[in-house]
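The values are calculated or read from the model by the stated rules, or taken from the named source; none is laboratory data. All values reported here derive from a predicted model rather than from experimental measurement. Don't worry about glycine lacking a Cβ; one is built from the backbone with ideal geometry, like all the others, and counts go over all protein chains shown. Quick note on the areas: whole protein, heavy atoms, side chains included, nothing else; ligands and nucleic acids left out. Shrake-Rupley method; radii C 1.70, N 1.55, O 1.52, S 1.80 Å.
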Amino acid sequence: EFRLMILMYHHVCPAERVPREYAPLEGWQYCLSPQQFLSQLTSLQRWGWQFVSLQDYCARLAEPISSRARLACVTFDDGWADNFEFALPVLSQLGIPAVIFVVSGEMSGVPQHRRMSVIQLLSLRQHGITVGAHSSTHAVLPRLSAAALQSQVADCRHLLQDLTGESIDFFAYPGGRISLPVVDA
């Protein structure tokens, strides 16, 4: 029986608000409507899954498997404005914490208005949302030199820490692409 689950989302947005044209980095193919998102989360709650923060999730990994509740963690990649506008109300309604892995710099071809504003990022904490790092530009990390890789990881973390005034303790690999040097960085 599965007792651990991490749910990874990108966009939560009504179909009529999905842009007709967008950059490949935006990942609109990974979009749920707010109703679909609500339905997924409430179904999991009904089936006995307990939603916890990523910090609690990681801390509870040390527990024996037989004593663990069915733990689930909600994550979002990139820091999209629709996460704030449409996913956050659902999470708040259900009392579910989450983590949003934020790209701290410019993303190629992506209009800034589709990404969370600084004010939105700063208000996430009061809604039970943790900010995590997701690189400076959503680069393909395994293809970078050691110096560029270090810059993508460290600069993102430092910028987000300076911005939020909080420790940034989690990192999600852009596109899930990893290598040993990426993990080390």
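Data for the structure
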| read-out | value |
| --- | --- |
| Which numbered condition GLN161 misses (of (1) under 27 Å from LEU124 (Cβ atoms); (2) of a type outside the set (Asp, Glu); (3) more than 18 Å from the chain's Cα centre (by Cα); (4) surrounded by 14 or more Cβ atoms within 10 Å (Cβ to Cβ)) | (3) |
| Test for ARG143: is it free of Cβ contacts under 8 Å to residues at least 24 places away in the same chain, within 25 Å of TYR30 (Cα to Cα) and either surrounded by fewer than 22 Cβ atoms within 10 Å (Cβ to Cβ) or in contact with a Lys or Arg (Cβ under 7 Å, 6 or more places away or on another chain) (or both) | yes |
| Count of residues meeting criterion [within 18 Å of the chain's Cα centre (by Cα) and either surrounded by 14 or more Cβ atoms within 10 Å (Cβ to Cβ) or in a helix (DSSP H, G or I) (or both)] in segment 167-182 | 9 |
| Matching residues in segment 6-25 - criterion: being assigned to a loop (DSSP other than H, G, I, E, B) and closer than 15 Å to GLN40 by Cβ | HIS10, CYS13 |
| Segment 23-53, subset of a type in the set (Ser, Thr, Tyr) and under 20 Å from the mean Cα position of the chain (by Cα), residue farthest from LEU88 (Cα to Cα) | TYR30 |
| When residues of segment 23-43 are limited to those that are open to solvent by 20 Å² or more (accessible area, probe 1.4 Å) and among the aliphatic types (A, V, I, L, M), the one nearest to SER108 (Cα to Cα) | LEU25 |
